[in-house]
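Read the figures in this text as sums done on the coordinates, not as results from a lab. Quantities reported herein were computed from a predicted structural model and do not represent experimental measurements. Here the Cβ positions follow ideal geometry from the backbone for every residue, glycine too, while neighbour counts run over all protein chains shown.
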């Protein structure tokens, strides 16, 4: 078990208080003083609005045994603090120490789209027979990854962690921290073009995970031309997944209907309760990882049959007698296309309505990509009504009108709230409404408003994890 003494030796800094507590077992780490447990450790991180150290007193009142901070604070009697120069770097050092004690299989998942779903599918399968953990929520960056690593116990059989990036070099740093044996790269796309600059740069960045794998490791890769070209950088063995005949885990008889994705691998049938064919790469990655971990195909199929998708990812609800596809967690060009194809394939006697928010971090190509989205709403989806939201709403509307959508059926709004009068008037029983957009627009507010005014049951939105440094 880890103690105050081992924490101090690992992260350095100056210890205040804690007399005779060096051998005391450390409690759980919390970065939000409101969530600290009695006997736990409060880690005060600097945020955009506040320094977490400002809330150390609250953490002590809630029972924290000690705190890691980057400036002097008052230490109550019987408690301790470790003052460091950089609390985030200290957290990463502590996570690295915990990684060194872990003897199970570390699995890292990255990609432009589908990271969270893939991670959850892998976890869904492995936990049926093994003991392990997975990243909570979207804890996948320089802060989220070390926090995820704090939940990894030395005796776990596995840990499946998500790696995200918005610029070159970030995946390499995250992979160096968690040191995975198995690396999974899901689909590639245009996400974060503003940070990477080009499609090839996106692929290059994700391929940083390949270079980080040891020779005895294993890569699970979704079949894509760019990844095929970069595969030579991987010293580990590679399993390709997809629908092609040259894939090692190849899907056959792929079909989707009424909220279930069906396919077969080597004659074993799979039926996964998800909305849309675009979940196939994630499911195949889970099949491949499970195979590496010693699972039979029948076991994996049985586990995936009980998969529960993360919230706000093609989550289907009813309101006003209409069907609402809540895909509001985030948006990228690839994810938008997949959602439009889902809407196109949805069985309905009513209309198909698209409510789409901006896609973020696309750089200089933002206006052009949003105009293409408008065209896809017409040509790929055949939607009857479009309501676009955000800075690039006018570009989406222009693209739709250029593709043949009448002016009266394509509407632009600046804010999600401005869509509600149109939706209240437009939605009728039998319609199917797709709501999707980047996190910055919080498009789930549109879904909540529709539900509150409709006949369907309301649904509690899960708030994103917060730190004291991000309090308003």
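At-a-glance table
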| read-out | value |
| --- | --- |
| Förster-model FRET efficiency, 35 Å R0, residue 233 and residue 345, C-beta, rounded to 0.05 | 0.40 |
| Prolate/oblate/rounded label for segment 317-370 (Cα gyration tensor, a/c 1.5) | prolate |
| Relative contact order computed over the chain (Cα-Cα under 8 Å; 6+ residues apart), in percent | 13 percent |
| Residue-averaged 222 nm ellipticity for the chain, from DSSP H runs of 4+ at -39500 (n - 2.57), nearest 500 | -9000 deg cm²/dmol |
| Angle in degrees between helix 115-126 and the longest Cα principal axis of the chain, rounded to the nearest 10 | 70 degrees |
| Helix axis angle, 366-379 relative to the chain longest principal axis, alpha carbon, degrees | 50 degrees |
| Label-to-label distance, nm, for residues given as residue 101 and residue 316 (7 Å Cα→Cβ offset) | 4.6 nm |
| Global form of segment 13-146, assessed from the alpha-carbon gyration tensor, a/c cut-off 1.5 | prolate |
| Of all DSSP beta bridges in the chain, antiparallel share, percent nearest 5 | 30 percent |
| Cα→Cβ-extended label distance, 7 Å offset, between residue 2 and residue 21, nm | 1.6 nm |
| Viscosity 1.567 mPa s, temperature 4 °C, Stokes-Einstein D of segment 315-453 from Kirkwood C-alpha radius, µm²/s | 90 µm²/s |
| Anisotropy class of segment 388-442 from Cα gyration tensor, a/c 1.5 cut | oblate |
| Debye log10 I(q)/I(0) at q = 0.20, 0.25 Å⁻¹ for segment 4-86, Cα point scatterers | -0.80, -1.30 |
| At 1.002 mPa s and 20 °C, Stokes diffusion of segment 102-304 via Kirkwood alpha-carbon radius, µm² per second | 128 µm²/s |
| Using alpha-carbon coordinates, inclination of helix 333-345 to the longest axis of the chain, degrees | 50 degrees |
| Cα-projected label distance for residue 296 with residue 166, points at 7 Å along beta-carbon direction, nm | 4.7 nm |
| R0 of 22 Å, Cβ-Cβ distance residue 28-residue 176: FRET efficiency to nearest 0.05 | 0.30 |
| Segment residue 58-residue 127, length gained on full extension (0.36 nm per residue, minus Cα span) | 21.2 nm |
